[in-house]
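Where a number appears in this text, it was derived from the coordinates with a stated rule and is not lab data. Bear in mind the structure is a predicted one, so any value in this text is a computation, not a measurement. Counting neighbours? That spans all protein chains shown, and the Cβs are built from the backbone with ideal geometry, glycine included.
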Amino acid sequence: MNELAAFLDARISEDEKAARVGNLPEEVWGARGWYDPERVLAECRSKRRIMDYASAGLDEAEGLAVLRLVALPWSGHSDFRAAWKA
């Protein structure tokens with residue numbers, strides 16, 4: 001679970017940084033070519049809270065299942081592992 005949590009932390013940090021500097025990747029922009037940096041930052045905060053809950057509020061198997069679901073949007077990332085697919 002620690003490797004998956006580290007992967008998620010890195011991806012969320014990338015999204016936060018991109019939202020703050022206005023350089024979000026195209027997949028975040030949506031089909032119409034627009035995005036709201038504040039929404040992206042709120043989503044990052046939400047994902048971090050879910051991660052905290054998964055690691056502190058659930059047993060290990062349930063926490064891992066939750067983290068796998070949070071990781072799904074990054075399943076195409078080169079560091080994503082097939083074992084993490086939900």
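Seen from Tyr53, the other residues with C-beta closer than 14 Å to its C-beta sum to a net charge of 0, counting Lys and Arg as +1 and Asp and Glu as -1. Counting charges near Leu41 (Lys, Arg +1; Asp, Glu -1) among other residues having Cβ under 15 Å from its Cβ returns a value of +2.
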